[in-house]
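Below you'll find the structure, written out as structure tokens, and then a few comments.
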Amino acid sequence: SKTISKCYVQVTGMTCASCVANIERNLRREDGIHSILVALMAGKAEVRYNPAVIHPAAIAELIRELGFGATVMENCGEGDGILELVVRGMTCASCVHKIESTLMKTNGVLYCSVALATNKAHIKYDPEAIGPRDVIQVIQDLGFTTSLVKKDRSASHLDHKQEIRQWKRSFVVSLVFCIPVMGLMIYMMVMDSQLSDAHTHHNMSREDMETLHSSMVLEYQLLPGLSVMNLLSFLLCVPVQVFGGWHFYIQASRALRHNTANMDVLVVLATSIAFLYSFIILLVAMAERAKVNPVTFFDTPPMLFVFISLGRWLEHVAKGKTSEALARLISLQATEATIVTLGPDNVLLSEEQVDVELVQRGDIVKVVPGGKFPVDGRVIEGHSMVDESLITGEAMPVTKKPGNTVIAGSINQNGSLLISATHVGADTTLSQIVKLVEEAQTSKAPIQQFADKLSGYFVPFIVAVSVVTLFAWIVIGFVDFEIVEKYFLGYNKSISAAEVIIRFAFQASITVLCIACPCSLGLA
């Protein structure tokens, strides 16, 4: 007998089912080509040919002549079927060995491993030679009960409801506390500018300035060193830090455990340091009974958290929309199929209901009026109208007669059809669409990967810069104290010069951290 070889050709430029039909029709006429199957969504053709007459490169060339792009795919392992089974009734290692050795002897089984502890069998097979039902039959003949590992058809892993809820909560909490903090800040700025105007116009004496300063309600000191403004900011900041920042802290700790620094680490660093520094400065001011209120950064964390949690929330809402569409797609898949055995002259001998996963290539499947097509296939017998709008968007039902192709997930309308399965399992058009959408969801946009990579270098870089700032100012301060004195607001003669320098240096380095941290990278 002639040897038949099989090759896969990647085909580009196919737009619709007529392209597929065109390629299949033209190639079937060629000498040495036994059969050809083209999958539109996967963009590949599986060709069985006689190597004595024709070779894969020539086949690809034939497809190119029809006006499509075609390259021969090297790794032909693509065609392996994979089967996950639950096997009950195994008692010891010899059962495992019995199943494995019997299966490996079976023609068409490429690989098989059975785990006693989990009762699972993992089998790779060649769909040309054998199908899932045959494998199950082999195991059952050995006296074990087997069933398919039930696939989760609900697409629950694509559900973003929980994340949407959590980021929305995060955003709302941060926003509620951020608005008053912002209000306080703007009020302070306005008052400050009025003060400085008054100062420039009237050359007020220092004492007058201070009376004006302390006359401002917010600057009023409840305790020495603790102003109303700072107390309010502190109280508003705590809940944001705890509730708004909760998820950031969790994610940042995970990242640090794996020795990576991502955007979450930056956000957490900036907010925590701003918060702790402000808190410590307040305590110090209270301990010193300072006359002038210290400069705090309590406004930084709430605002950062607001922007970033808003971003995350929107991102998950967008993802949720895609997932909804995907879940609907997945729900189009039929769960069962009716397989029939035909006698001579297409006489029905028997029929049985099986799981869709168990349909093998070449099986004859019966689809009744109103039923869904479980797999892609070709009509053998019967005439009907088929609603393919779910897949193609075409509103009008399409006429199907023997020789036409049908798509899994479309709905049969008025006549009963017998179809021969051409693409089953993960190769059906519907599965391919689902797979493409899933991949699009899980893969990051190139720019996003770039941002993540950058932030890996960015975090240590910013931290280093702020540390450098800290030491630089300490050095400058000890070398030339005048500069620090000029820029350090509320320099109080009662504090030692060293303390002033260190405080100023800290203030400068924290400012660097807070400003550089959340940077546009993270927000974007």
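Residues Ala60, Ala52, Ala93: which one is open to solvent by 40 Å² or more (accessible area, probe 1.4 Å), more than 26 Å from Val434 (Cβ to Cβ), modelled with pLDDT of 85 or more and among the aliphatic types (A, V, I, L, M)? None of the other options fit; the residue is Ala52. The one condition from (1) within 28 Å of Ala421 (Cβ to Cβ); (2) surrounded by fewer than 18 Cβ atoms within 10 Å (Cβ to Cβ); (3) touching a Phe, Trp or Tyr at 6+ places or on another chain (Cβ under 6 Å) that Ile82 does not meet is (3). For Val354, the requirement of being open to solvent by less than 60 Å² (accessible area, probe 1.4 Å), assigned by the TED database to the domain that holds Ser170 and touching a helix residue (DSSP H, G or I) at 6+ places or on another chain (Cβ under 8 Å) is not met.
Of the residues making up the stretch 96-119, those that are part of a helix (DSSP H, G or I) and out of contact with any strand residue (DSSP E or B) (no Cβ under 8 Å at 6 or more places or on another chain) number 5.
Is it the case that the stretch 209-229 has a residue that's in a helix (DSSP H, G or I) and at pLDDT 75 or above? Yes, the conditions are met somewhere in the stretch 209-229. Does Lys124 satisfy the criteria of being basic (Lys, Arg) and either touching a Cys at 6+ places or on another chain (Cβ under 8 Å) or modelled with pLDDT of 90 or more (or both)? Against the criterion (basic (Lys, Arg) and either touching a Cys at 6+ places or on another chain (Cβ under 8 Å) or modelled with pLDDT of 90 or more (or both)), Lys124 qualifies. Sub-7 Å Cβ pairs linking a first residue in the stretch 394-412 that is at positive phi to a second residue that is of a type in the set (Val, Ile, Thr) and at pLDDT 90 or above, at least 6 apart or interchain, are Gly403/Val379, ordered by first then second residue. Here Ala58 meets each of (1) assigned to a strand (DSSP E or B); (2) out of contact with any Cys (no Cβ under 6 Å at 6 or more places or on another chain); (3) farther than 30 Å from Thr118 by Cβ with one exception, condition (1). Remark: pairs (first residue in the stretch 108-119, assigned by the TED database to the domain that holds Gln137 and within 15 Å of Cys92 (Cα to Cα); second residue of a type in the set (A, V, I, L, M, F, W, C) and part of a strand (DSSP E or B); Cβ separation under 7 Å; 6+ apart in sequence or on different chains) = Val114/Val87; Val114/Ala121; Asn119/Val86; Asn119/Val87. Restricted to the stretch 368-411, and to residues there that are loosely packed, with under 15 Cβ neighbours inside 10 Å and hydrophobic (A, V, I, L, M, F, W, C), the residue that is farthest from Pro344 (Cα to Cα) is Ala395. Of note, Gly377 satisfies the criterion of being under 36 Å from the mean Cα position of the chain (by Cα) and not assigned by the TED database to the domain that holds Leu40. Every test in (1) under 29 Å from Gln137 (Cβ atoms); (2) part of a strand (DSSP E or B); (3) open to solvent by 20 Å² or more (accessible area, probe 1.4 Å) is passed by Arg361 save one, and that test is (2). Can Phe279 be described as in contact with a Pro (Cβ under 6 Å, 6 or more places away or on another chain), at pLDDT 75 or above, open to solvent by 20 Å² or more (accessible area, probe 1.4 Å) and not acidic (Asp, Glu)? Answer is no for this residue. Considering only residues that are at pLDDT 80 or above and of a type in the set (Val, Ile, Thr), look in the stretch 230-270 and name the one that is nearest to Pro301 (Cα to Cα). Only one residue fits best here, namely Val240. Do we have any residue at all in the stretch 124-134 that's in contact with a helix residue (DSSP H, G or I) (Cβ under 7 Å, 6 or more places away or on another chain) and aliphatic (A, V, I, L, M)? Checked against the condition, which is being in contact with a helix residue (DSSP H, G or I) (Cβ under 7 Å, 6 or more places away or on another chain) and aliphatic (A, V, I, L, M), the stretch 124-134 yields no hits at all.
Residue by residue, here is whether (1) within 30 Å of Thr12 (Cα to Cα); (2) not acidic (Asp, Glu) holds:
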residue: Glu65; (1), (2): yes, no
residue: Ile82; (1), (2): yes, yes
residue: Cys112; (1), (2): no, yes
residue: Ile139; (1), (2): no, yes
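The values are calculated or read from the model by the stated rules, or taken from the named source; none is laboratory data. Owing to the predicted nature of the structure, the values given are computational and were not obtained by experimental measurement. Methodologically, a virtual Cβ is constructed for each residue, glycine included, from the backbone with ideal geometry; neighbour enumeration extends over all protein chains shown. Side chains included, ligands, DNA and RNA excluded: accessible areas come from the protein's heavy atoms. Shrake-Rupley method; radii C 1.70, N 1.55, O 1.52, S 1.80 Å.
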